[in-house]
Amino acid sequence: MQVLDTLGRPVRDLRISVTDRCNFRCVYCMPKEVFGREYEFLPRGELLSFEEIARVAHVAASIGVTKVRVTGGEPLARRDLERLIAMLAELPVDLTLTTNGALLAAKARVLAESGLQRVTVSLDALDDATFRALNDVDFPVTRVLEGIDAARDAGLPVKVNCVVKRGVNEQEIVPLARFFRERGDTLRFIEYMDVGSTNGWRTDDVVAAKEIVALLDREFGVEPVEQAYRGEVARRYRYRDGGEVGVIASVTQPFCGDCTRLRLSADGRLYTCLFATRGDDVRGALRSGATDDELRDLLTGLWRARGDRYSELRTAESASDPKVEMSYIGG
Ligand code: SAM
Ligand code: SF4
Ligand code: SF4
């Protein structure tokens with residue numbers, strides 16, 4: 001079954017946030033001044049159970065979803081996550097997870113054994129002092145690198161994502177590229193986005209993909225690679241002497257026209273855009289005995305009504321509109 005939104009886009013991806021909590025306080029995502037001791041995270045009872053999440057994923061798969069990504073907050077901070085992974089692995093979908101890598105060394109093997117197919121690790125600096133300042137909990141870079149190694153040893157292909165914020169980590173672009181090129185891991189640089197309302201985003205903080213590519217070209221020599229499939233978010237470049245690197249230009253070259261993502265928050269709200277201000281409750285339906293057909297109607301109805309294209313319409317003013325937080329909705 002294929003369901004199209006008002007702009008003719010099918011629903012293909014489901015991103016599932018399993019918690020709004022995180023063991024990091026990345027400066028561009030969960031600034032400590034806001035997400036401090038007093039911050040009220042979702043109470044446990046509000047979170048969807050693994051069974052409830054798996055049901056939504058099952059229904060989503062029946063209307064065309066072929067990729068499921070588990071995210072957060074920090075997904076590995078949710079206890080027994082492998083149990084959810086095993087449930088999702090029964091669906092005919094590509095199953096992956098985005099993590100900050102802090103707990104990956106301990107978890108990689110059990111996740112792979114439970115059916116996880118791939119993993120994306122966020123890593124914004126190789127320099128330890130820069131990384132500790134960025135995650136703002138003094139977490140050492142070596143532990144994330146150990147997590148990446150453990151994932152590979154467990155047979156999980158790894159992609160590494162780096163968000164670039166001006167004045168914070170643009171000096172890390174070349175060292176990260178060199179490091180992961182030599183190791184043969186896929187690395188993608190992501191433009192800093194105006195998600196949420198707490199990170200104080202300003203246009204000047206964005207290092208444009210063009211600038212990142214120019215830097216890589218100067219250092220290594222790169223040339224563009226053809227898109228592998230329509231809707232591929234990363235623009236890929238080939239190093240002249242082998243290997244690839246990607247950039248995700250969410251701000252300067254938006255890709256809303258190909259956006260096929262539905263997002264489920266940890267407390268059971270469905271969002272059709274990363275920049276939405278409100279989501280549609282599915283938890284109520286799950287907890288009041290809705291049948292699969294009723295859940296399917298709910299998902300189909302909200303996707304058919306979708307007309308989101310925030311990034312194509314972004315203005316300096318809209319950037320300060322109230323929006324859900326990245327740690328709540330997932331990346
Ligand atoms: N905690 C996990 C992690 O960091 O990988 C998963 C959740 S995190 C919200 C998902 C992704 O969003 C990460 O790759 C993170 O770097 C990215 N992210 C967070 N805030 C961002 C922002 N303002 N702009 C661009 N990407 C951002
Ligand atoms: Fe946590 Fe990920 Fe946000 Fe960093 S980007 S604070 S690791 S949720
Ligand atoms: Fe998709 Fe919304 Fe991002 Fe556009 S702004 S690519 S519609 S999530």
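The values are calculated or read from the model by the stated rules, or taken from the named source; none is laboratory data. Keep in mind it's a predicted model, so treat the numbers as computed, not measured. Backbone-built Cβ (ideal geometry, glycine too); neighbour counts: all protein chains shown. Calculation scope for accessible area: heavy atoms of the full protein, side chains included, ligands and nucleic acids excluded. Shrake-Rupley method; radii C 1.70, N 1.55, O 1.52, S 1.80 Å.
Suppose every Lys and Arg Cβ carries +1 and every Asp and Glu Cβ carries -1, with no other charges. What dipole size does the chain come out with about its Cα centre, to the nearest 20 debye? Don't skip to the end; give the middle numbers.
Working: 47 positive and 52 negative charges, 69 e Å.
Roughly 340 debye, rounded to the nearest 20.
So if R0 is 45 Å, what FRET efficiency would ASP258 and ARG178 give, r being the distance between their Cβ atoms, rounded to the nearest 0.05?
On the way: r = 31 Å, r/R0 = 0.68.
That gives a FRET efficiency of 0.90.
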Problem set entry | For the chain, built as a Gaussian network whose Cα springs stay under 10 Å, the top-fluctuating residue of PRO92, PRO31, PRO43 | PRO43
For this session: Residues in region 33-47, backbone N under 17 Å from the label point at ASP80 (7 Å along the Cα-to-beta-carbon vector): list them, ranges by number please.
Result: 44-47
Exercise. How much accessible area per residue does region 13-329 have, in Å², with a 1.4 Å probe?
Worked result: 43 Å²
Problem set entry | Other-chain or far-sequence residues with amide H under 5 Å of VAL70's (modelled H) | ILE16, THR96, LEU97, THR98
For this session: Would you calculate, for the chain, the mean residue ellipticity at 222 nm contributed by helices, counting each DSSP H stretch of 4 or more residues as -39,500 (n - 2.57) and dividing by all residues, to the nearest 500?
Result: -9000 deg cm²/dmol
Exercise. Helix 292-304 versus the longest principal axis of the chain: what angle, 0 to 90°, nearest 10, using Cα atoms?
Worked result: 50 degrees
Problem set entry | Principal-axis tilt of helix 209-220 within the chain, Cα atoms, nearest 10 degrees | 40 degrees
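So if the hydrodynamic radius of the chain is defined as the Kirkwood radius over C-alpha pairs, what does Stokes-Einstein give as its diffusion coefficient at 10 °C and 1.306 mPa s, in µm² per second? Working shown, then result.
Numbers: Rh = 20.3 Å.
In µm²/s, the coefficient is 78.
Give me the number: length gained by fully extending VAL110 to ASP204, i.e. 0.36 nm times residue separation minus the C-alpha to C-alpha distance, one decimal in nm. Show your work: numbers first, answer last.
On the way: separation 94, 0.36 × 94 = 33.84 nm, distance 4.20 nm.
So the extension gain works out to 29.6 nm.
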For this session: Quick one: compute the contact order of the chain, relative version, from alpha carbon pairs under 8 angstrom and 6+ residues apart, as a percent.
Result: 23 percent
Seminar exercise, completed: With all protein chains present, the chain has a carbon and sulfur share of its accessible area (1.4 Å probe) in percent of 49 percent
Exercise. In the structure shown, do any of LYS32/LYS323; LYS67/LYS159; LYS32/LYS67; LYS210/LYS323; LYS165/LYS210; LYS67/LYS210 have a Cα-Cα gap over 22 Å, and if so which?
Worked result: LYS32/LYS67; LYS210/LYS323; LYS67/LYS210
Seminar exercise, completed: Under a Gaussian network model of the chain whose springs join Cα atoms within less than 10 Å, the largest fluctuation of VAL225, VAL206, VAL282 belongs to VAL225
Problem set entry | Candidate residues THR252, THR300: accessible-area rank, largest first, probe 1.4 Å | THR252, THR300
Exercise. Against the longest alpha carbon principal axis of the chain, how many degrees, from 0 to 90 and to the nearest 10, is the axis of helix 173-183 turned?
Worked result: 80 degrees
Exercise. GNM on the chain, C-alpha springs below 10 Å: top fluctuator among ARG304, ARG78, ARG240?
Worked result: ARG240
Seminar exercise, completed: PRE zone check, label point 7 Å out along Cα-to-Cβ of ARG143, amide N under 12 Å, scope region 12-41, hits 23-25
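Find out how many positive minus negative residues lie around ALA133, taking Lys and Arg as positive, Asp and Glu as negative, among other residues whose Cβ is under 13 Å from that of ALA133. The partial results should precede the final answer.
Details: positive: ARG25, LYS32, ARG132, LYS165; negative: ASP124, ASP127, ASP128, ASP136, ASP138, GLU172.
With Lys, Arg at +1 and Asp, Glu at -1, the neighbours total -2.
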Exercise. Under 20 Å from a point 7 Å along the Cα-to-Cβ line of THR6: which residues of region 241-274 have their amide N that close?
Worked result: 255-263, 270-274
For this session: Kindly sort PHE255, PHE35 by accessible area of their heavy atoms, largest first, with the probe set to 1.4 Å.
Result: PHE255, PHE35
Problem set entry | LYS159 long-range amide H proximity, modeled H, under 5 Å | VAL119, THR120, VAL121
Problem set entry | Percentage relative contact order, region 129-284, counting C-alpha pairs under 8 Å, at least six apart | 17 percent
